[in-house]
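Visitor: So that we are looking at the same thing, I have put the structure below in structure tokens.
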Amino acid sequence: MYRNIKHEIKKGVSFYTKQNEDERTAGIYMLVTFNSKRVRLYTHCRCNDRNWCKKTRRLSVGKDKDKINILLNDYENIVLELFSEYEHYPTIEKVRNDILARITMPEKPQSLYERFDEYIAVSIKKKAWATGTTKRAKVVKNHLYSFDTDLSFHDLTESKLLSFVEYLQNIPLVNTTIQKNIKTLAQFLNWATKEGYNKNDAYKTFDLKLKGTSGKSNEPIVLSWDELMTVYHLNIPETKNYLKHVRDVFVFMCFTGLRYSDVYNLRRYNIKEEHIEIVTIKTEQRIKINLNAYSRAIIDKYKDIPFKDDKALPVISNQKMNEYLKELGDLSGFTQKESIVRYIGNEAVTDVMPKSELLSTHTGRRTFVSNGSYLKIPYEVMASWTGHRSEAMMSRYRKISDNTAKTEMEKMSNI
């Protein structure tokens, strides 16, 4: 026979917040104490930790202040009522189970930022992205959070998307970068829609037209055949020995059209007798690229040197390689001035700098297509090597050489 102890149980209910390093907001937890025992339960409510008052153990400000505070008050009353019904001292397990039986915790909110983190993590796990793509997705998520910390999928109307574009312009970011950010955001929203997290399809009809994003205002930086030969035969001083590997990898890209991600992942088993055979990282296409005398010479140069993971060439990080390519361009004498036009909003900003400063790993692929056009290699053959699906995709790289233009203009002089 149990004696009545309803009023002998010392009990208390309080709330506190906890924020992990990888979280944007703090979770609100309920702490139930009774007779020196404790039960902790996550309320599935979240808040900005700066809005939490430790004295009152409630929210002091914030748009959800009243809603959350009322909910916490209800939880406290339910727990206290529960204890008034106990006829004997309960165990921790019983208190926990009784509370969960009486309180219907709200579903965990589908936070846009939590879903963005999941999107990035899933894509990395599936090895669907190159390092640069992952970095860009994280940058876009951070821009969104700086723009609106409480952003939800429902909020992303056309008006809100336009406000986000204006926010990016005020940073300021150039229009081409903004266009890429919006494209990355749309890719995330496509995934979120497919997974059932997003029901708002306003982004699908959001047609962003920014000046200077068509690619027509700038010609891509490429090396002519003569410039390429200058780099290929360049006598690199011993004090800059580190540039020798950079030079060899770069010209190999110029002779094969490989992207940085593909040359970085090139393994010895991809090298056949007469060609390279790979599945591209970016487009997942299986392509064959025939070897020429120059690309074959570079492969042979390193065939007996072991590299990590049985890689075929000594490829360093993309960031470091881009840095060293500018040094390589200086040594090669690429001092001619080039102008690059960028747009911030409707304002055109022109930068004039030596060609050497504009060299990057992508110059290799562009140079390959440009020189292939100069050598009159048929489009169909070039496309089989580069993986371009249409002539329009390749046309921007097909730059007419200065010598060809000069020869053609001379025809008018000879009439």
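Visitor: If Ile287 passes every condition in (1) in contact with a Gly (Cβ under 7 Å, 6 or more places away or on another chain); (2) in a helix (DSSP H, G or I) but one, which one does it miss?
Guide: (2)
Visitor: Hey, any hits in the stretch 125-134 for a residue that's surrounded by 14 or more Cβ atoms within 10 Å (Cβ to Cβ), in contact (Cβ under 8 Å) with a residue 60 or more places away in the chain and touching a helix residue (DSSP H, G or I) at 6+ places or on another chain (Cβ under 7 Å)?
Guide: Yes; the residues of the stretch 125-134 include at least one that is surrounded by 14 or more Cβ atoms within 10 Å (Cβ to Cβ), in contact (Cβ under 8 Å) with a residue 60 or more places away in the chain and touching a helix residue (DSSP H, G or I) at 6+ places or on another chain (Cβ under 7 Å).
Visitor: Could you look through the stretch 15-49, keep only residues that are hydroxyl-bearing (Ser, Thr, Tyr) and under 21 Å from Ser152 (Cα atoms), and pick out the one that is modelled with the lowest pLDDT?
Guide: This residue is Thr25.
Visitor: Has the stretch 379-396 got at least one residue that is modelled with pLDDT of 90 or more, more than 28 Å from Glu238 (Cβ to Cβ) and either in the same structural domain as Ile178 (by TED's automatic domain parsing) or not in a helix (DSSP H, G or I) (or both)?
Guide: Within the stretch 379-396, not a single residue is modelled with pLDDT of 90 or more, more than 28 Å from Glu238 (Cβ to Cβ) and either in the same structural domain as Ile178 (by TED's automatic domain parsing) or not in a helix (DSSP H, G or I) (or both).
Visitor: Report whether or not Ile99 is at pLDDT 90 or above and at negative phi.
Guide: Answer is yes for this residue.
Visitor: Under 9 Å between Cβ atoms, which residue pairs at least 6 apart in sequence (or on different chains) link something in the stretch 297-314 that is under 15 Å from Val246 (Cβ atoms) with a partner that is of a type in the set (Gly, Ala, Ser)?
Guide: Close Cβ pairs satisfying both conditions: Tyr302/Ala312.
Visitor: OK, next. So which residues in the stretch 28-77 are out of contact with any strand residue (DSSP E or B) (no Cβ under 9 Å at 6 or more places or on another chain) and of a type in the set (Gly, Ala, Ser)?
Guide: Ser36, the sole residue that qualifies.
Visitor: Are any residues in the stretch 252-277 not in a helix (DSSP H, G or I) and not hydrophobic (A, V, I, L, M, F, W, C), and if so, which ones? Walk me through how you get there before you give the answer.
Guide: Step one: of the stretch 252-277, the residues not in a helix (DSSP H, G or I) are 257-259, 265-267, 271-277.
Of everything in the stretch 252-277, those that are not in a helix (DSSP H, G or I) and not hydrophobic (A, V, I, L, M, F, W, C) turn out to be Gly257, Arg259, Asn265, Arg267, Lys272, Glu273, Glu274, His275, Glu277.
Visitor: Name the one entry in Tyr269, Tyr264 that is surrounded by 11 or more Cβ atoms within 10 Å (Cβ to Cβ), out of contact with any strand residue (DSSP E or B) (no Cβ under 6 Å at 6 or more places or on another chain) and of a type in the set (Ser, Thr, Tyr).
Guide: Tyr264
Visitor: Tyr343 is checked against (1) among the aromatic types (Phe, Trp, Tyr); (2) in contact with a Phe, Trp or Tyr (Cβ under 9 Å, 6 or more places away or on another chain); (3) assigned to a strand (DSSP E or B) and fails just one. What number does that condition carry?
Guide: If we test Tyr343 against (1) among the aromatic types (Phe, Trp, Tyr); (2) in contact with a Phe, Trp or Tyr (Cβ under 9 Å, 6 or more places away or on another chain); (3) assigned to a strand (DSSP E or B), just (2) comes out false.
Visitor: While we're here: Can you confirm whether Leu168 is crowded, with 18+ Cβ neighbours inside 10 Å, touching a helix residue (DSSP H, G or I) at 6+ places or on another chain (Cβ under 8 Å), assigned to a loop (DSSP other than H, G, I, E, B) and among the aliphatic types (A, V, I, L, M)? Outline the logic, then answer.
Guide: Working: crowded, with 18+ Cβ neighbours inside 10 Å: yes; touching a helix residue (DSSP H, G or I) at 6+ places or on another chain (Cβ under 8 Å): yes; assigned to a loop (DSSP other than H, G, I, E, B): no; among the aliphatic types (A, V, I, L, M): yes.
No; evaluated as a whole, the condition is false for this residue.
Visitor: Filtering the stretch 272-290 down to residues that are aliphatic (A, V, I, L, M) and touching a strand residue (DSSP E or B) at 6+ places or on another chain (Cβ under 6 Å), which residue is surrounded by the fewest Cβ atoms within 10 Å (Cβ to Cβ)? Quick ask: steps written out before the conclusion?
Guide: Narrowing the stretch 272-290 to residues aliphatic (A, V, I, L, M): 276, 278-279, 281, 287, 289.
Then drop every residue that is not touching a strand residue (DSSP E or B) at 6+ places or on another chain (Cβ under 6 Å), which leaves 276, 279, 289.
Details: Ile276: 22, Val279: 12, Ile289: 21.
If we take residues in the stretch 272-290 being aliphatic (A, V, I, L, M) and touching a strand residue (DSSP E or B) at 6+ places or on another chain (Cβ under 6 Å), then Val279 is surrounded by the fewest Cβ atoms within 10 Å (Cβ to Cβ).
Visitor: Another question, then. Give all pairs with beta carbons closer than 9 Å in which a residue from the stretch 42-57 that is surrounded by 17 or more Cβ atoms within 10 Å (Cβ to Cβ) meets a residue that is part of a loop (DSSP other than H, G, I, E, B) and among the basic types (Lys, Arg); count only pairs at least 6 apart in sequence or on separate chains.
Guide: Arg46/Arg24; Arg46/Lys108; Asn48/Arg24
Visitor: Another question, if that's okay. So the check is Cβ under 6 Å with 6+ separation or different chains; which pairs have a first residue in the stretch 142-157 that's farther than 22 Å from Thr205 by Cα and of a type in the set (A, V, I, L, M, F, W, C) and a second one that's surrounded by 15 or more Cβ atoms within 10 Å (Cβ to Cβ) and modelled with pLDDT of 90 or more?
Guide: Sorted first by the residue in the stretch 142-157, then by its partner, the list stays empty.
Visitor: Do we have Ile103 as touching a helix residue (DSSP H, G or I) at 6+ places or on another chain (Cβ under 8 Å) and surrounded by 13 or more Cβ atoms within 10 Å (Cβ to Cβ) here?
Guide: For Ile103, the condition - touching a helix residue (DSSP H, G or I) at 6+ places or on another chain (Cβ under 8 Å) and surrounded by 13 or more Cβ atoms within 10 Å (Cβ to Cβ) - is met.
Visitor: Right, here's the next one. If you take the residues in the stretch 222-236 that are in a loop (DSSP other than H, G, I, E, B) and under 13 Å from Phe368 (Cβ atoms), which one is nearest to the chain's Cα centre (by Cα)?
Guide: Within the stretch 222-236, the first condition is being in a loop (DSSP other than H, G, I, E, B), and the residues that meet it are 222-224, 233-236.
Going one step further and asking which of them are under 13 Å from Phe368 (Cβ atoms), we end up with 222-224.
Working: Val222: 26, Leu223: 29, Ser224: 32 Å.
Filtering the stretch 222-236 for residues that are in a loop (DSSP other than H, G, I, E, B) and under 13 Å from Phe368 (Cβ atoms), the one nearest to the chain's Cα centre (by Cα) comes out as Val222.
The values are calculated or read from the model by the stated rules, or taken from the named source; none is laboratory data. Since the model is a prediction, treat every value here as computed from it, not as a measurement. With ideal geometry, Cβ positions are generated from the backbone for all residues, glycine too; neighbour counts draw on all protein chains shown.
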